Amino acid sequence: AVRLRPLQGGPDPRSPAVALFFSDRTKERRVEAMRVDFIATVSHELRTPLASLTGFIETLAGPARDDPRARDRFLGIMRDQAERMRRLVDDLLQLSRVELHEHVAPTAPVELGGLVMHMIEIMGPLAKDRKVTITLDRAPEPLTVPGDRDELLRVVENLIANAMKYGGEGTVEVSLRPADQGRAVELAITDHGPGIPPEHLPRLTERFYRVNEAESRARGGTGLGLAIVKHVVGRHRGRLTIESELGRGTTVRILFPAIAGRRPVL
Ligand code: ADP
């Protein structure tokens, strides 16, 4: 049932104001449905590792009590499950922080060249483990954007991590260059993995959307990485595009507005 509230100025029920009122209620309901759905998904995502932890605690307290080999193996699994829960909670907190502040654009000058190099260095050991070489092709000049350093680090980390997770062995290419005649900075991250079927592309940045559920979980994904990226890019007034070709690989590209005062004189 739709409740009608009186509108200012004595409405004609057929006026556009009434139509607007109806569509507002529809939007409210949609937002509420999304919220309920989100809570259900988060609960499910947390319940799975929690159930596994509880199961192993029972086994360790009972049948496996005096079996040191089983104990070590189960403790290893429990550590992984706890780590998975920690990642999920971290990502949820990060996502809600970014969403909360989305209407306020961050303003501190962040030089992206140094930031990207720093992140590639941090990810070096993981890349080596996975037999991935990360290359950086960057313009020599400083490329500075108004931003939030921690959030931008997280974006670069998530994108390189995805390229390594889904791209398989080989190279991950990171490029950073001025765009739009110096008014913007373009960051692109390319892998040469199997690519993403086109029908999935529009939904990749939705929370918990995964092309392959089992693969994402097996690689320790929370399903929130690209949602975080999208919101950070939105907060930075940037533009995110994902291009992918089956059998060839994927490129994620972000265009950030550059610092206004540093625009070259044209
Ligand atoms: P996850 O934690 O599952 O990696 P993301 O939000 O980072 O979550 O990514 C969502 C999904 O998009 C992934 O589960 C994966 O299916 C797909 N995906 C992301 N990056 C790539 C990539 N570089 N190549 C292929 N698939 C990708």
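The values are calculated or read from the model by the stated rules, or taken from the named source; none is laboratory data. Keep in mind it's a predicted model, so treat the numbers as computed, not measured. Every residue, glycine as well, gets a Cβ built from its backbone with ideal geometry; the counts of neighbours run over all protein chains shown. Surface areas here come from the heavy atoms of the whole protein model, side chains and all, with no ligands, DNA or RNA. Shrake-Rupley method; radii C 1.70, N 1.55, O 1.52, S 1.80 Å.
If you check Val110 against the conditions, is it of a type outside the set (Gly, Ala, Ser), over 24 Å from Arg183 (Cβ atoms) and surrounded by 11 or more Cβ atoms within 10 Å (Cβ to Cβ)? Criteria not met by Val110.
Looking at segment 87-107, which of its residues are open to solvent by less than 70 Å² (accessible area, probe 1.4 Å) and out of contact with any Gly (no Cβ under 8 Å at 6 or more places or on another chain)? Residues satisfying the conditions are Leu88, Val89, Asp90, Leu92, Gln94, Leu95, Ser96, Val98, Glu99, Ala105.
Residue under question is Pro197, and the condition is that it be modelled with pLDDT under 95 and more than 7 Å from the ligand (Cβ to nearest atom); does it hold?
No, not satisfied.
Taking the criterion of being more than 22 Å from the chain's Cα centre (by Cα) and over 18 Å from Gly249 (Cα atoms), the residues of segment 146-183 that qualify are Arg177, Pro178, Ala179, Asp180, Gln181, Gly182, Arg183. Taking segment 30-145 as the region of interest, the helices (runs of 4 or more DSSP H) fully inside it that hold 2 or more residues being under 19 Å from the mean Cα position of the chain (by Cα) and within 30 Å of Thr171 (Cα to Cα) are 68-100, 112-122.
Would you pick out the residues in segment 220-248 that are within 10 Å of the ligand (Cβ to nearest atom) and surrounded by 14 or more Cβ atoms within 10 Å (Cβ to Cβ)? Selection gives Gly221, Thr222, Gly223, Leu224, Gly225, Leu226, Ala227, Ile228, Val229, Lys230, Ile242, Ser244.
Which one of Glu199, Glu243, Glu206, Glu186 is without any contact (Cβ under 8 Å) to a residue 12 or more places away in the chain and not in a helix (DSSP H, G or I)? Checking each option against the conditions leaves just Glu243. Among the residues of segment 179-193, those identified as touching a strand residue (DSSP E or B) at 6+ places or on another chain (Cβ under 8 Å) and more than 6 Å from the ligand (Cβ to nearest atom) are Ala179, Asp180, Arg183, Ala184, Val185, Glu186, Leu187, Ala188, Ile189, Thr190, His192. Say whether the condition of being modelled with pLDDT of 90 or more, closer than 19 Å to Gly221 by Cβ and surrounded by 11 or more Cβ atoms within 10 Å (Cβ to Cβ) is met by at least one residue in segment 65-78. There is at least one residue in segment 65-78 that is modelled with pLDDT of 90 or more, closer than 19 Å to Gly221 by Cβ and surrounded by 11 or more Cβ atoms within 10 Å (Cβ to Cβ). Annotation: Glu157 fulfils all but one of (1) in contact with a Ser or Thr (Cβ under 8 Å, 6 or more places away or on another chain); (2) within 13 Å of the ligand (Cβ to nearest atom); the unmet one is (1). Considering only residues that are near the ligand (Cβ under 6 Å from one of its atoms) and open to solvent by 20 Å² or more (accessible area, probe 1.4 Å), look in segment 210-219 and name the one that is nearest to Glu245 (Cα to Cα). The residue in question is Val211.
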